[in-house]
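All remarks here apply to the structure that follows.
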Amino acid sequence: MRQPDRAAGKAATLLAAALATLPLPTGCQASSGSRKPAIVVLAAASLTEVFREIGTAYESERERPVRLSFAGSQTLATQLREGVRADVVAVADPEILADLVERDLVARPRQFATSRIVWVLRRGPAGAQRRDPMDLAGSDWQLVLASPEVPAGAYARRALDALGLREAAEARVVSYELDVRGVTAKLRLAGADLGMVYATDVRPDDPDLELVELPPGVRVLAGYGAGLVREAAQPDGAVAFLDFLDGPRARQILTRAGFGTP
Amino acid sequence: MSLRWLQLLGLYAAAALGLALTLVPLAGLSIRAPWASTLELLQMPSVRSAIGLSFAVSGAATLLSLLLGFPLAWLLARVSIPGKRWLRTLLTLPLVLPPVVAGVALLAAFGRYGLLGASLDAVGIRLPFTTLAAVLAATFVSAPLLITSLESALLQAEVRLEQVAASLGASPWHSFWTVLMPSIRPALLAGLALCWARALGEFGATITFAGNLEGRTQTLPLAIYQLLQSRPEAALLLGALLLVVSVLVLASLRGHRPAP
């Protein structure tokens, strides 16, 4: 029997974790006295933590507020096609960015980071032998993948093809998530066993989840691209933010979070 | 210009704004939806399965709401129990919870690591990612609508008539069907319609608690959201079709609404 206060604490943790995955626009603190209008940045869900950090760094360095809105890359593309007001967009798939450029919605595209696809699994009880994701075919695990329409899902599909596990995997999928953070949320909250995410989606010291690299020889890289929104209300601020993203300070933050940088 | 005239003008203006707020988005959806591709859309396997699943899930949720909600509404309306006001408030809370939070609450209760998760696991039941989870999510958010509407109908129905029927020798069952039922029928139907409509449109709690898998938990709203990623026009059309179905159902119940 569980103790009620522990259970309540658990529920609160679950709630906090779920709220953290909600795609809400989050405003970083504007530095006091600053009257400059905020730069609105749309960013892929997998960039959530690292862009919060980059946003804060930019704000303190340039004294200009940054407002961040996170969602799956495809959702961001839809938002831009529907004319959402934004200045900068950063997505997890070069093809989505190229498409936005082709539609004349985004200019000055550049790749600023990469990440790689890995397995993610729930940590077992202490001392238990770690499960090997490659045993998937003979297991009864509940697998969660990102939906093939979103970059993480397309990359995962590519990885499963390379591993020869696609059929076994698809038979065990219990949910296709609409952004990559949905995958970690389902493992954390709903008790799914295994998923595929970017290596940068889970911190090495995460208490619930651990990452397992794909076998050597199977390497699926995601390219993160950013660009200037054509209809930007703050084009100068947007360009400055993009330059900052390519600069040493942002690179340092990205590298520390496990991203590859060009 | 008389004051009264101005007041009336203000009233009409506010009403027109209210109407516009409802109708303009619906009109936008109807105009942008590529109606010509309806047949093609309805032939997509994922769409067909989402439609079938949505009707099954919302139907089951409505039925479950009735089975569990009627006794609760009866208790609230007819039985004198302490703390009734609090009970009533508690029962309507799911209406104000953001659906995603409702989904997390369900996970915290019935998930693998939830309050009852270990007990359920012990008897071999794992709810998340099942169709039953989708039904429970829809029931959780929509049952309060039925309970509220049934409770007020039971409050308004004259208990005296039932007492008379009983004194004339009618069995409780007979009196229920011939005396009570006709008087609460309009409210019951209206409550069922609202409950069903809410269950049909349910998204947040479902995707959080039940996940998103074609044929098992991918109901229409989830299918629409997923289509929005790859084929926005198809998503709009599917949304518009959902709208048409809802209009038909709600309109067919209009005749049964209680008079204001």
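Observations
- Alpha-carbon Debye profile of the range B:63-151, log10 I(q)/I(0) at 0.12, 0.25 Å⁻¹: -0.43, -1.17
- Most fluctuating residue given options B:105, B:20, B:187, as computed from a GNM of chain B linking Cα atoms under 10 Å: B:20
- The share of Cα pairs per 5 Å bin across the range A:115-212, counted from zero up to the longest distance, runs 2, 14, 27, 29, 19, 7, 1, 0 percent.
- Remark on the range A:59-85: accessible area falls by at least 20 square angstrom from chain-alone to full-complex state for A:74, A:75, A:78, A:81, A:82, probe 1.4 angstrom.
- Split the accessible area of the protein assembly as shown by element, probe 1.4 Å, and carbon with sulfur accounts for 62%.
- Couplings for the range A:237-252, taken from phi via the Karplus curve 6.51 cos²θ - 1.76 cosθ + 1.60 with θ = phi - 60°, read x, 5, 5, 4, 5, 5, 5, 4, 4, 7, x, x, 5, 5, 4, 4 Hz in order; Gly and Pro are left as x.
- Using only alpha-carbon positions in the protein assembly as shown, the gyration tensor eigenvalues give semi-axes of 45, 31, 23 Å once each is multiplied by 5 and square-rooted (largest first).
- Listing of the range B:201-218 residues, each with accessible area lower by at least 30 Å² in the full protein assembly than in the chain alone (probe 1.4 Å): B:207, B:212, B:213
- Taking chain A and dividing mean pair separation by its residue count, relative contact order in percent (alpha carbons under 8 Å, at least six apart): 26 percent
- Whole-Å distance, taken between Cα centres, linking the range B:43-84 and the range B:161-235: 5 Å
- Computed across the range B:87-128, the Kirkwood radius stands at 11.1 Å (inverse of mean 1/r, all Cα pairs).
- Peptide-level mean, for B:222-229, of C-beta atoms on other protein chains within 10 Å: 4
- Accessible solvent surface per residue of the range B:38-254, calculated while the other protein chains remain in place, 1.4 angstrom probe, Å²: 47 Å²
- Rolling a 1.4 Å probe over the heavy atoms of the protein chains gives the range A:115-212 an accessible area of 38 Å² per residue.
- Three-way shape call for the range B:23-77 based on the alpha-carbon gyration tensor, with the a/c threshold at 1.5: oblate
- Pairs of alpha carbons in the range B:136-221 separated by more than 23 Å make up 43% of all such pairs.
- Within 10 Å of each Cβ in A:187-194, the average number of Cβ atoms from other chains: 6
- Our note on the geometry: Cα centres of the range B:3-36 and the range A:38-114, 35 Å apart.
- Size of the B/A contact, given as accessible area buried on both chains, probe 1.4 Å, in Å²: 2500 Å²
- Highest average packing first - A:243-256, A:171-184, Cβ atoms within 10 Å: A:171-184, A:243-256
- Cα-based Kirkwood hydrodynamic radius, the range B:38-254, one decimal, Å: 18.9 Å
- For chain B, built as a Gaussian network whose Cα springs stay under 10 Å, the top-fluctuating residue of B:145, B:106, B:115: B:115
- Scaled radius of gyration (Cα, divided by 2.2 N^0.38 Å) that chain A gives: 1.05
- Distance from the range A:195-238 to the range A:139-176 (C-alpha centre basis), Å: 18 Å
- Couplings 3J(HN,Hα) of the range B:186-200, computed from phi: x, 5, 4, 5, 4, x, 4, 5, 4, 4, 5, 4, 5, 5, 5 Hz, in residue order, whole Hz [Karplus 6.51 cos²θ - 1.76 cosθ + 1.60, θ = phi - 60°; x for Gly and Pro].
- Cut-off 13 Å between beta-carbons: net charge of the residues surrounding residue A:124, Lys and Arg +1, Asp and Glu -1: 0
The values are calculated or read from the model by the stated rules, or taken from the named source; none is laboratory data. Quick caveat, the model's predicted, so the values are computed rather than measured. Methodologically, a virtual Cβ is constructed for each residue, glycine included, from the backbone with ideal geometry; neighbour enumeration extends over all protein chains shown. These accessible areas exclude ligands, DNA and RNA; they are computed on the full protein's heavy atoms, side chains included. Shrake-Rupley method; radii C 1.70, N 1.55, O 1.52, S 1.80 Å.
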